[in-house]
Amino acid sequence: MSLKDAMPVEKGRLSWFSPNWVLLLLSTIALGAFFGLETASVAPNRIVSGTGYLVFSALGWQGALLGMVLILALIGFSCIAECQEYRDAYKAMLVIVMALLALMPFALMVATSRLVDSDLPQARLGIGAGFWVTLFVLLLALVELRTRLALARIWSWSLLLPIGLLWWLCLSLWLEPLALMREYHSRSEQFSEAFRQHLELVGTAVGVSLMLGMGLALLMRRYPRSQKAAFAILNFLQTIPSLALFGLLLAPLAWLAANLPLAASLGISGIGWAPALVALVAYSLLPMVRNTFIALEEVSPAVIDAAYGMGMDTRQVFLQVRLPLALPVMLEGVRITTVQAIGLTTVAALIGAGGFGTFVFQGLGQAAMDMVLLGALPILLMASVADALLGAVSDFLRPGGAK
Amino acid sequence: MIELSHVTKRFGDEMAVDDVSFKVAKGEFCALVGTSGCGKSTTLRMINRLLEHSEGEILLDGQPIRDFDAVQLRRRIGYVIQSTGLFPHWTVARNIGLVPRLLKWPSTKVHSRVEQLMHLLGLPVGEFAHKFPHQLSGGQAQRVGVARALAADPDILLMDEPFGALDPITREKLQEELRALQSRLHKTIVFVTHDIDEALQLANHLVVMRAGRVVQQGTPLELLHHPADKFVESMLGGVERGLKQAGLTRVADHMLPLSPTLPAQSRVPSSMSLRQALSVMLRDHTERLTVVDPHDMPVGELSMRKLIREPKADQGHDREH
Ligand SMILES: Nc1ncnc2c1ncn2[C@@H]1O[C@H](COP(=O)(O)OP(=O)(O)OP(=O)(O)O)[C@@H](O)[C@H]1O
Ligand SMILES: [Mg+2]
């Protein structure tokens, strides 16, 4: 007791310093990236590699100061986040992170006007590592804040939506000289075509594997002896590397196309959408079957007993009790499968199935990072939107409505 | 109403129920008691054909249950289980209205029936109709389970340890309510329990089972007076049988006219069970009690010395339900 009284400084320091370490780390990284890494680079045309600029030259001292103040505030708040007296620290941080995310496209606009020579029609602004790292770290901070504040999914999306709109507006109206946008404008038709192909492949693959998966799960429930073998096969399919699977499918499908005129007229060949679809379905089947099967099996036997005991017939028990109770878990399977298929379809570009993977691999071939981004960013976006939407639906279908 | 004769159920080689016969008359409350795994649930589930019996005959109103369509049969029989089996994705109101909807009642009739039942079981409609099962306490959920079983007004009610998962106080309360309900509705009830006190309190016909066979059956007092063997005796509480008997008779049945001597200090209502009256004697260190009517007017007295001298056969007053 007396020892503590003798050290008031120590006591005082401990009382306010109770940090959220995750956020402290993230905001420190953000500060480091903001000042230490290149914010943007400028190239006179597509071929020449650009020169990089740090934050002071890219945004001017006003921009750098504003960014610094906001990030320092984040660091400050994360130091006192777990302190009892400052309950609103997390909310303040949420506001700051949102503000930073909203300011970032404007930062790009400032950099454009400062760095890009408007006399050179091909000049382009590349987004630098500092910018990417800051963006990424802020998004991670948002995830942490979401859990700390226990925000409902709906809430976090309604916060992110206006910011997404803002980004989209800035990109399409004022950020012409951005290398990413230049890449987009020179192949906007290819871009929509790739989007369509990607969506089609994913949609078909998920649809087909949903049907097949449901069918298989129902069969496995009817014939319990087949369960072990079925899961063994599905697990095995999952372990083949994706490119190898595409390769393995090449021969039989090419044979099919050569020997069956009908198959050829349907567009089936050794390369293209057919092997891509087959491979995607093969990969999607395991999560789909596993979730459907477990979901249907897991419904409480007491509930099923009561359902029969009340006088429901087999069809009513399945449609009114087992299926609705299994639905949230089944949708979880659809969610996993969809996100996985969106990613895998990227690889399908290698066998000529199209999709955003085309940009990624062409860009890699030409060492044009902005083109890689033009393919990778939409894939990332599609995956998170699919994840959020299907997650929300499955939440909504849980017994007792949305929680 | 319900009659089982020489009913047997085999699971593979195992005899779960072996040559069981008993009858439940209309309006009678029959309890199946016995240790865990002796085949009580199996017997019950054969009555609504959730399980098919292997041998013997089960008659409903004199007709073999195999003559009925199983699904139609179950809609005519109420069924309550220990884990409630409420549908977690449906509201209380929808759970209760299930069987009437299966029977294609018009929706207004279903609606009013649901409200009527919620009222009957002490579940305020405004508060509970739109709740989901996970928002209910164990006791409330079990009330909903009973309401659901009663929804289509079945003549027969099968109950499998309905109160087994509840705390003693809630259980006693629900037992009391079930007894009150039964005295109004006169259903034919088959009730599975391994709580012998519950069985003695509620039933007017007891069937004691052991390893798939019926060891003894009869009214609670018959069994208490003449247990067939050591097993039934220990089932009925061993040396505590005397108290359990006393629990089944009312003070009014043993009361003597008021004696001219000074009335005893301790008073008990005439509707109290003899068992509770004995407890009062022990608590108050007295061997005499004054018996009073509901208006607290002395109507007689109870004396330990006289009780002990009562002839044995006289104790056989079967409780009316
Ligand atoms: N579906 C089944 N398949 C195989 N054996 C079963 C099945 N149902 C019950 N049995 C067996 O039949 C016997 C009687 O079971 P039952 O459920 O009728 O017991 P119980 O008297 O209700 O017991 P408890 O008081 O524990 O509920 C047990 O040995 C059990 O293992
Ligand atoms: Mg049982």
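The values are calculated or read from the model by the stated rules, or taken from the named source; none is laboratory data. All values derive from a computational prediction rather than experimental measurement. For neighbour counting, all protein chains shown are included, and Cβ atoms are generated from backbone atoms with ideal geometry for every residue, glycine included. Just the protein is used for accessible areas: all its heavy atoms, side chains included, with ligands, DNA and RNA removed. Shrake-Rupley method; radii C 1.70, N 1.55, O 1.52, S 1.80 Å.
Of all the residues in the range A:116-130, those that are under 14 Å from A:Leu373 (Cα atoms) and small (Gly, Ala, Ser) number 3.
Within the range A:293-315, can you find the residues that are part of a helix (DSSP H, G or I), buried (at least 17 other Cβ atoms within 10 Å of the Cβ) and within 11 Å of chain B (Cβ to nearest Cβ)? Explain how you work it out, then say what you get.
Looking only at the range A:293-315, we keep the residues that are part of a helix (DSSP H, G or I), and these are A:293-298, A:301-309, A:314-315.
Filter once more, so that each one left must be buried (at least 17 other Cβ atoms within 10 Å of the Cβ): A:293, A:295-296, A:303-309.
A:Val303, A:Ile304, A:Asp305, A:Ala306, A:Ala307, A:Tyr308, A:Gly309 - these are the residues of the range A:293-315 that are part of a helix (DSSP H, G or I), buried (at least 17 other Cβ atoms within 10 Å of the Cβ) and within 11 Å of chain B (Cβ to nearest Cβ).
Residue-level analysis places A:Ile154 among those that are part of a helix (DSSP H, G or I), open to solvent by 50 Å² or more (accessible area, probe 1.4 Å) and touching a helix residue (DSSP H, G or I) at 6+ places or on another chain (Cβ under 8 Å). Of the strands (runs of 3 or more DSSP E) lying entirely inside the range B:166-272, the ones with 3 or more residues being within 16 Å of ligand 2 (Cβ to nearest atom) and surrounded by 20 or more Cβ atoms within 10 Å (Cβ to Cβ) are found at B:188-193, B:205-210.
Scan the range A:183-196 for residues that are open to solvent by 50 Å² or more (accessible area, probe 1.4 Å) and either aromatic (Phe, Trp, Tyr) or in contact (Cβ under 8 Å) with a residue 60 or more places away in the chain (or both) and report the count. Even if it seems obvious, please write down each step before you answer.
The initial filter retains those residues of the range A:183-196 that are open to solvent by 50 Å² or more (accessible area, probe 1.4 Å), namely A:184-186, A:189-190, A:192-193, A:195-196.
Subsequent filtering for residues that are either aromatic (Phe, Trp, Tyr) or in contact (Cβ under 8 Å) with a residue 60 or more places away in the chain (or both) retains A:184, A:190, A:193, A:195.
Number of matching residues: 4.
Within the range A:128-143, if we keep just the residues that are within 16 Å of the chain's Cα centre (by Cα) and not aliphatic (A, V, I, L, M), the residue that is most open to solvent (accessible area, probe 1.4 Å) turns out to be A:Phe136. Among residues of the range A:220-233 that are of a type in the set (Ser, Thr, Tyr), those with a beta-carbon under 6 Å from a residue that is surrounded by 15 or more Cβ atoms within 10 Å (Cβ to Cβ) at least six positions away or on a different chain give the pairs A:Ser226/A:Met220.
Has the range B:25-43 got at least one residue that is open to solvent by 40 Å² or more (accessible area, probe 1.4 Å), assigned by the TED database to the domain that holds B:Gly218 and among the aliphatic types (A, V, I, L, M)? Give the steps one after another, and end with the answer.
At the first step, the residues of the range B:25-43 found to be open to solvent by 40 Å² or more (accessible area, probe 1.4 Å) are B:25-26, B:28, B:35-37, B:41.
In the following step, the residues that additionally are assigned by the TED database to the domain that holds B:Gly218 were identified as B:25-26, B:28, B:35-37, B:41.
Still in the running and among the aliphatic types (A, V, I, L, M): B:25.
Checked against the condition, which is being open to solvent by 40 Å² or more (accessible area, probe 1.4 Å), assigned by the TED database to the domain that holds B:Gly218 and among the aliphatic types (A, V, I, L, M), the range B:25-43 yields at least one hit.
Just one residue in the set B:Val92, B:Val99 is among the hydrophobic types (A, V, I, L, M, F, W, C), away from chain A (no Cβ under 11 Å), open to solvent by less than 40 Å² (accessible area, probe 1.4 Å) and in contact (Cβ under 8 Å) with a residue 40 or more places away in the chain; that residue is B:Val92. From the list A:Arg290, A:Arg322, which residue is under 30 Å from B:His89 (Cβ atoms), of a type in the set (Lys, Arg) and either without any contact (Cβ under 8 Å) to a residue 12 or more places away in the chain or within 14 Å of chain B (Cβ to nearest Cβ) (or both)? Unique residue meeting the criteria: A:Arg322.
B:His6 meets each of the listed conditions (1) in contact with a Gly (Cβ under 8 Å, 6 or more places away or on another chain); (2) within 16 Å of ligand 1 (Cβ to nearest atom) apart from (2).
Would you call A:Met371 part of a helix (DSSP H, G or I), open to solvent by less than 10 Å² (accessible area, probe 1.4 Å), more than 10 Å from chain B (Cβ to nearest Cβ) and touching a residue at least 12 places away in the same chain (Cβ under 8 Å)? In short, yes.
Here B:Val99, B:Val125 are screened, and the one residue that is over 17 Å from B:Met159 (Cβ atoms) and either assigned by the TED database to the domain that holds B:Arg74 or under 24 Å from the mean Cα position of the chain (by Cα) (or both) is B:Val125.
So that you can scan it fast, the table gives a plain yes or no per residue for (1) free of Cβ contacts under 8 Å to residues at least 12 places away in the same chain; (2) away from ligand 1 (no atom under 16 Å from the Cβ); (3) part of a helix (DSSP H, G or I):
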| position | (1), (2), (3) |
| --- | --- |
| B:Ser112 | yes, yes, yes |
| B:Gln116 | yes, yes, yes |
| B:Lys131 | no, yes, no |
| B:Val146 | no, yes, yes |
| B:Ala152 | no, yes, no |
| B:Leu157 | no, yes, no |
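Considering only the range A:44-88, state which residues are under 28 Å from the mean Cα position of the chain (by Cα) and at pLDDT below 80. Across the range A:44-88, there are no qualifying residues. Of all residue pairs spaced 6 or more apart or on separate chains, those with beta-carbon atoms under 6 Å, a first member in the range B:35-48 that is over 10 Å from B:Met209 (Cα atoms) and more than 7 Å from ligand 1 (Cβ to nearest atom) and a second member that is open to solvent by 10 Å² or more (accessible area, probe 1.4 Å) and in a helix (DSSP H, G or I) are B:Asn48/B:Arg74.
Close Cβ contacts (under 9 Å, 6 or more residues apart or on different chains) running from residues in the range B:177-197 that are within 14 Å of chain A (Cβ to nearest Cβ) to residues that are more than 16 Å from ligand 1 (Cβ to nearest atom) comprise B:Val190/B:Ile2; B:Val190/B:Val24; B:Val190/B:Phe29; B:Val190/B:Ile156; B:Val190/B:Leu157.
For the range A:87-113, the set of residues classified as over 20 Å from A:Ile127 (Cβ atoms) and either touching a residue at least 12 places away in the same chain (Cβ under 8 Å) or among the acidic types (Asp, Glu) (or both) consists of A:Asp88, A:Ala89, A:Tyr90, A:Lys91, A:Ala92, A:Met93, A:Leu94, A:Ile96, A:Met98, listed by residue number.
Candidates A:Ala179, A:Ala205: the one that is outside the structural domain of A:Leu108 (by TED's automatic domain parsing) and either closer than 15 Å to A:Met109 by Cβ or surrounded by 16 or more Cβ atoms within 10 Å (Cβ to Cβ) (or both) is A:Ala205.
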